[in-house]
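S.K.: Please find one structure pasted underneath; my questions will follow.
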Amino acid sequence: MSLPFTTEKQLAIAAVRRACHLTSSVFNKLVKNETLTKGDKSPVTVGDYAAQALISSMLNHAYPQDPIVGEEDATELRAESGSTLRERIVELTNEALTLDLQQGDYAEWGIGPGKAKTPEQLMDEIDRGNYGGGRTGRMWCIDPIDGTKGFLRGEQYAVCLALLVDAQVQVGVIGCPNLPADLSQPEGQKGCLFVAVRGQGAQQMSLMGANPTPLSMPPYDPSTFNFLESVEAAHTSHSTNDKISTLLEITRKPIRMDSQAKYGCLARGDAGAYMRMPAGVGYQEKIWDHAPGSLLVEESGGIVTDSRGTPLDFGLGRTLGVNHGVIATVKSAHSRLIDAVAKALSNEEGDTKSKA
Ligand SMILES: Nc1ncnc2c1ncn2[C@@H]1O[C@H](COP(=O)(O)O)[C@@H](O)[C@H]1OP(=O)(O)O
Ligand SMILES: [Mg+2]
Ligand SMILES: [Mg+2]
Ligand SMILES: [Mg+2]
């Protein structure tokens, strides 16, 4: 008998691999009018929409009953019927759907030569990601381009896919086309795929599946410990992270990087912790920004909680609800970090009161 979730894992790898191929080729040809600004002021490109349409089509073919929580929706595209933006998304998605990428990876996934879809079908595929989430049953989470700002800068981004069952992540796949296989060799081979299945461990491999390597996080070592954090100051409080660093007497500088590539780097031991302290009040973290990454870290021997030590709850809907930031680290460092966070936050509160 095969291991649980073997088919889902293979499908997720095939979908993320194809989407990475799409986003890498989009980047090289992206022009200015192929990016929109969403209601929350964040950017979305033709690559985000096309990658979601592609992944959703593949999931739909294999598991038509499974609901999908996807970041993007097609409302703006439908309103712009006949627009070049929509035409470009259709063209890109169909190119990726019909691509003869790797022999044998398409027979059962409804992709490959002759599998192009109509614009209407593709808008519907994007909108299959409108599921509201919840506590019971199966659901997939897609972040077609995580770290769109990094993508636009030509830096790090990730194509992210997870399968959840009863609000627990069971399968997580993250594709990072721009990530060096070895961070100490930034000019070396680029393109990493991270794969985790609950209870079956985590692996890193090349985007085409070469050199699969099991991941296991090194134990806490104060002499080398450092943080991974967002590039964008609006996404995380760099100054709170600095205070926590000082309290822990961390001497190495943080590594700034966009997207869930941070979870991949943490899982393979490039840094000691991924710290995501809220930059302001009111932002609710989205489940697609943490579902595959959290499983990857857990399966590599780490732990992922909010900044107060509460486990992340993927059963509340499309967001993680009121939980406060995210901390991912090796188990032996976790309680030290939680204590330092509490101290740093109470010092910040004290500073605010004394200024008032
Ligand atoms: N104010 C915010 N606080 C935290 N995360 C945010 C905020 N605004 C957007 N994000 C999300 O952070 C993620 C990128 O994180 P990172 O900085 O680690 O690369 C994106 O998915 C982005 O969402 P969106 O895709 O809607 O822009
Ligand atoms: Mg994201
Ligand atoms: Mg995104
Ligand atoms: Mg976005």
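S.K.: On a 0 to 90° scale, report how tilted helix 238-247 is relative to the longest principal axis of the chain, with both axes built from alpha carbons and the result rounded to the nearest 10.
M.R.: Helix 238-247 sits at roughly 40 degrees to that axis.
S.K.: Rounded to a whole number, what % of the accessible area of segment 6-214 do carbon and sulfur atoms account for, probe 1.4 Å?
M.R.: It is 49 percent, rounded to a whole number.
S.K.: Calculate the dipole size of segment 227-355 relative to its Cα centre from +1 charges on Lys and Arg beta carbons and -1 charges on Asp and Glu beta carbons; express the result in debye to the nearest 20.
M.R.: For this selection, approximately 160 debye.
S.K.: Using unit Cβ charges (K, R positive; D, E negative) and no other charged atoms, how large, in debye to the nearest 20, is the dipole of the chain about its Cα centre?
M.R.: Computed about the Cα centre, the dipole is about 500 debye.
S.K.: Shifting gears a bit: Quick one: in segment 224-293, what % of C-alpha pairs are over 21 Å apart?
M.R.: Cα-Cα pairs of segment 224-293 separated by over 21 Å account for 22 percent.
S.K.: Still on this structure: Could you please tell me the mean projected area of the C-alpha convex hull for segment 227-355, averaged over all directions and given in square nanometres to one decimal?
M.R.: Numbers: hull surface 30.3 nm².
So the mean shadow area of the Cα hull is 7.6 nm².
S.K.: Tell me the carbon and sulfur percent of the accessible area for segment 227-355, rounded to whole percent, probe radius 1.4 Å.
M.R.: 52
S.K.: Quick one: if the Förster radius is 35 Å, what FRET efficiency do T6 and V281 give, using the C-beta to C-beta distance and rounding to 0.05?
M.R.: Details: r = 43 Å, r/R0 = 1.23.
After rounding to 0.05, the efficiency reads 0.20.
S.K.: Let me ask something else about it. What lysines sit close enough to K353 to cross-link, taking a C-alpha to C-alpha distance under 22 Å and skipping anything fewer than 8 places away on the same chain?
M.R.: Candidates past the 8-residue exclusion: K243, K343.
S.K.: If you don't mind, there's one more thing I want to ask. Once you sort the root eigenvalues of the Cα gyration tensor of segment 112-180 as a ≥ b ≥ c, which label holds: rounded (a/c under 1.5), prolate (a/b larger than b/c) or oblate (the other case)?
M.R.: Verdict is oblate for segment 112-180.
S.K.: With the convex hull built on the Cα atoms of the chain, state its orientation-averaged projected area in nm².
M.R.: 18.4
S.K.: Once the dipole of the chain is set up with Lys and Arg at +1 and Asp and Glu at -1 on Cβ about the Cα centre, which of Y263, A12, L92 lies farthest towards its positive end?
M.R.: Value computed over the given set: Y263.
S.K.: Compute the distribution of all C-alpha to C-alpha distances in segment 138-282, in bins of 5 Å from 0, and list the percent of pairs in each, rounded to whole numbers.
M.R.: Spelled out per bin, shortest first, that is 2, 10, 17, 21, 20, 17, 10, 3, 0.
S.K.: Check the straight Cα-Cα distances from K331 and name the aspartates and glutamates below 20 Å, setting aside those fewer than 8 residues away within the same chain.
M.R.: Once the sequence-local aspartates and glutamates are set aside, what remains near K331 is D221, E229, E249, D270, E298, E299, D306, D313, D339.
S.K.: So, one more: Report the per residue volume, in Å³, of the convex hull enclosing the C-alpha atoms of segment 1-102.
M.R.: With only Cα atoms used, segment 1-102 gives 127 Å³ per residue.
S.K.: Here's something else I'd like to know. Would you be so kind as to identify which of H334, H235, I250 lies farthest towards the positive end of the dipole of segment 227-355, taking Lys and Arg as +1 and Asp and Glu as -1 on Cβ and the Cα centre as origin?
M.R.: I250
S.K.: Then there is this: Before I look further, what does segment 6-214 give for accessible area per residue, probe 1.4 Å, in whole square angstrom?
M.R.: 40
S.K.: Also, I was wondering about something else. Ranked highest first by the average count of other Cβ atoms within 10 Å around their residues, in what order do 212-222, 173-183 fall?
M.R.: Highest mean packing first, the order is 173-183, 212-222.
S.K.: Here's something else I'd like to know. By average Cβ neighbour count within 10 Å, what is the ranking of 132-141, 279-288 from highest down?
M.R.: Ranked from most to least packed, the peptides come out as 132-141, 279-288.
S.K.: Could you rank the peptides 292-304, 248-260 by their average count of other C-beta atoms within 10 Å per residue, with the highest value first?
M.R.: Values: 292-304: 25.5, 248-260: 18.8.
Per-residue Cβ counts within 10 Å, averaged per peptide and sorted highest first, yield 292-304, 248-260.
S.K.: Now for a separate question. For segment 227-355, what is the accessible area per residue in Å² when the probe is 1.4 Å?
M.R.: 41
S.K.: So for segment 6-214, what percent of the C-alpha to C-alpha distances run longer than 30 Å?
M.R.: Numbers: 3695 of 21736 pairs.
The answer is 17 percent, as a whole percent.
S.K.: Among DSSP beta bridges whose residues both lie in the chain, state the antiparallel percentage, nearest 5.
M.R.: Taking every DSSP beta bridge with both residues in the chain, the antiparallel ones total about 85 percent.
S.K.: Longer than 23 Å from Cα to Cα, which of K115/K262; K149/K190; K262/K286; K9/K41 are they? Say none if no pair is.
M.R.: Over 23 Å Cα-Cα: K115/K262; K9/K41.
The values are calculated or read from the model by the stated rules, or taken from the named source; none is laboratory data. Just so you know, these numbers come straight off a predicted model, no measurement behind them. Every residue, glycine among them, receives a Cβ derived from its backbone with ideal geometry; neighbour counts consider all protein chains shown. Side chains are part of the model used for accessible areas, which takes the heavy atoms of the whole protein and leaves out ligands, DNA and RNA. Shrake-Rupley method; radii C 1.70, N 1.55, O 1.52, S 1.80 Å.
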